[in-house]
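So the structure is just underneath, and the comments pick up after that.
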Amino acid sequence: MVARAIARWQPIAPRKVRLVADLIRNKTVKEALDILRFTPKRASKFVYKVVWSALANARYKDPSLNEENLYIKRIYVDEGGIRYWIRPRAMGRAYRIRHRRCHITVILDVKQPQGQSQGQS
């Protein structure tokens, strides 16, 4: 693991964010940022910020790091809290509104060159 970033309590349902997260899994960071920039989903804005933050964390940890080799090793979206409130409905009934939130986690790693394995020194 080179760098990690977590965005907690994002005001969007996790189901919607997972659709966008699936688009960039195992892609390079540069390619992922380009995909997110042009994806017409509201969730792409939240995921873009987290990937950008993870890239900034990687730059901070190792300034000599080659950013071309960075890729998204893991990205996952967990459920956050749910805010409930009541809305009046027909015949005096109450209808529960659920506003879901999510936590987005991105882990970056360095992609090994093709001819090299981890067991060799």
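The values are calculated or read from the model by the stated rules, or taken from the named source; none is laboratory data. Quick caveat: nothing in here was measured; it's all calculated off a predicted structure. Positions of Cβ are generated from backbone atoms using ideal geometry, with glycine treated the same way; all protein chains shown enter the neighbour counts.
Conditions tested, residue by residue: (1) in contact with a helix residue (DSSP H, G or I) (Cβ under 9 Å, 6 or more places away or on another chain); (2) modelled with pLDDT under 95; (3) in a loop (DSSP other than H, G, I, E, B); (4) at negative phi.
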{"site": "GLU79", "(1), (2), (3), (4)": "yes, no, no, yes"}
{"site": "ILE82", "(1), (2), (3), (4)": "no, no, no, yes"}
{"site": "HIS99", "(1), (2), (3), (4)": "no, no, no, yes"}
{"site": "HIS103", "(1), (2), (3), (4)": "yes, no, no, yes"}
{"site": "LEU108", "(1), (2), (3), (4)": "yes, no, no, yes"}
{"site": "PRO113", "(1), (2), (3), (4)": "yes, yes, yes, yes"}
{"site": "SER117", "(1), (2), (3), (4)": "no, yes, yes, yes"}
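Could you tell me which residue of segment 18-49 is surrounded by the fewest Cβ atoms within 10 Å (Cβ to Cβ), considering only residues that are polar (S, T, N, Q) and farther than 21 Å from ARG59 by Cα?
THR39
Hey, can you tell me all the residues within segment 18-69 that are modelled with pLDDT under 95 and among the hydrophobic types (A, V, I, L, M, F, W, C)?
LEU65
Would you check if there is a residue in segment 106-120 being of a type in the set (D, E, K, R) and out of contact with any strand residue (DSSP E or B) (no Cβ under 8 Å at 6 or more places or on another chain)?
No; the residues of segment 106-120 include none that is of a type in the set (D, E, K, R) and out of contact with any strand residue (DSSP E or B) (no Cβ under 8 Å at 6 or more places or on another chain).
Among the numbered criteria (1) under 19 Å from ILE6 (Cβ atoms); (2) touching a His at 6+ places or on another chain (Cβ under 9 Å), which single criterion is violated by TRP85?
Here TRP85 clears every test but (1).
Within segment 12-75, considering only helices (runs of 4 or more DSSP H) that don't extend past its boundaries, which have at least 1 residues that are within 13 Å of the chain's Cα centre (by Cα), of a type in the set (Val, Ile, Thr) and closer than 18 Å to HIS103 by Cα?
Qualifying helices (runs of 4 or more DSSP H): 14-24, 43-61.
Of all residues in segment 8-17, how many are surrounded by fewer than 19 Cβ atoms within 10 Å (Cβ to Cβ) and within 13 Å of VAL106 (Cβ to Cβ)?
Qualifying residue count for the region: 1.
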